[in-house]
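Colleague: Input: one structure, supplied below.
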Amino acid sequence: MVQRVAFKIIKPGMDSKAVVARFEQERQALAVMDHPNVAKVLDGGVTPTGRPYFVMPALGGRSLRAELEERGRLPKDEAWQLARELALGLASAHEAGVVHRDLKPENVLLVAREREGPQPVLIDFGLAKLEPESADDAMALAKLTATGAPLGTPRYMAPEQWWGTAPTEATDQYALGCVLFELLAGRPPFEGTRYPELCEAHLHHAPPSLASLGVDCGAEIDALVSRMLAKEPGHRHASLEALVEAGDAAFDG
């Protein structure tokens, strides 16, 4: 049976030694992972021009972003099922030493299943958007934000990322909280389109409650999401496994 595959390759101009090292480290980590909610790496190598790549199954489906654009907010049980599976996929990645760093609806594929709803699959672990690691990276980001262009990724960045602190498992939990908030409310917790205003909001503003946006989900779910979006990493759920346990209780209530 022929298997359809997809190739991922570092873009021209992004192939610094640091980026290539991180790309290869990620490829090796994901290659040994086997979780239904994380894209599998099958193989990898280097092109004749020296650009690293790796090979993944072609999963099909469509992005969670496309789903949200078509449907808006999702029913709470469906929203939690998607977030729950994403949490388990992230936990598996963390066990392999990989922090996603760029979780957002665009980086989740919904793959059809026979007897259940679509299966969310995490893609782009730390590659779609790398944190600025040099003055050149920061300058490029400054030029981008100066145009006022909408920025997808900053809407999901934890406060510690804005400070330039190394991301941790709690960083992924914050981004997952932003995604779950959007699944329930039809919008992310902070809606600014410019870098400075999003930075200010994520660092200093409390997100609106789901109830204030007309989401009928109950106080326990509101509290669960609020804790995922805590400004301090240590104030979030102790682990993604703890989050799943708390979420099951909140959404069953």
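Colleague: Going by average Cβ neighbours within 10 Å, how do the peptides 155-164, 244-253 rank, with the highest at the top?
Modeller: Ranking, from highest mean packing down: 155-164, 244-253.
Colleague: Quick one: accessible area per residue over the chain, 1.4 Å probe, rounded to a whole number of Å²?
Modeller: Values: 12630 Å² over 253 residues.
For the chain, the solvent-accessible area averages 50 Å² per residue.
Colleague: How much length, in nm to one decimal, is gained on full extension between ALA58 and ALA223, taken as 0.36 nm per residue of separation minus their Cα-Cα distance?
Modeller: 55.6 nm
Colleague: First compute the accessible area of the chain with a 1.4 Å probe, then give the percent of it belonging to carbon and sulfur atoms.
Modeller: Carbon and sulfur together cover 54 percent of it.
Colleague: Restricting to DSSP loop positions (anything but H, G, I, E, B) with no more than 14 other Cβ atoms inside 10 Å of their own Cβ, which trypsin sites (Lys or Arg not before Pro) remain in segment 157-253?
Modeller: none
Colleague: May I pose another question? Here are some pairs, LYS76/LYS104; LYS8/LYS76; LYS8/LYS104; which of them have Cα atoms lying more than 23 Å apart in this structure?
Modeller: On the way: LYS76/LYS104 18 Å; LYS8/LYS76 34 Å; LYS8/LYS104 18 Å.
Violating the 23 Å Cα-Cα cut-off are LYS8/LYS76.
Colleague: So, one more: Starting from the 7 Å offset along Cα-to-Cβ, what nm value, one decimal, do you get for the label separation of ASP252 and THR168?
Modeller: 2.9 nm
Colleague: Work out how far the C-alpha atoms of the chain reach from end to end along every principal axis, then list the three figures in whole Å, largest first.
Modeller: 56, 48, 34
Colleague: Evaluate E = 1/(1 + (r/R0)^6) for ALA6 and THR193, where r is the Cβ-Cβ distance and R0 equals 35 Å; express this FRET efficiency to the nearest 0.05.
Modeller: It comes to 0.70.
Colleague: Could you grab the relative contact order for the chain? Cα pairs under 8 Å, six or more apart, rounded to a whole percent.
Modeller: That works out to 18 percent.
Colleague: Report the FRET efficiency, 1/(1 + (r/R0)^6), for GLU241 and LEU203, where r is their Cβ-Cβ distance and R0 is 30 Å, rounded to 0.05.
Modeller: The calculated FRET efficiency here is 0.60.
Colleague: What's the FRET efficiency of LYS17 with ASP216 using the Cβ-Cβ distance as r and R₀ = 45 Å, to the nearest 0.05?
Modeller: Given R0 = 45 Å and the Cβ-Cβ separation, E is 0.30.
Colleague: With a 10 Å cut-off between alpha carbons and a GNM built on the chain, which of GLY192, GLY117, GLY13 moves the most?
Modeller: Largest GNM mean-square fluctuation: GLY13.
Colleague: Now a separate question. Put a dot 7 Å past each Cα toward the Cβ at GLU232 and ASP34; how far apart are the dots in nm?
Modeller: So the two model labels end up 4.2 nm from each other.
The values are calculated or read from the model by the stated rules, or taken from the named source; none is laboratory data. Small disclaimer: the values here were computed from a predicted structure and weren't measured. Neighbour counts run over all protein chains shown; Cβ positions are idealised from the backbone, glycine included. Just so you know, the surface numbers come from the protein's heavy atoms only, side chains and all, with ligands and any DNA or RNA stripped out. Shrake-Rupley method; radii C 1.70, N 1.55, O 1.52, S 1.80 Å.
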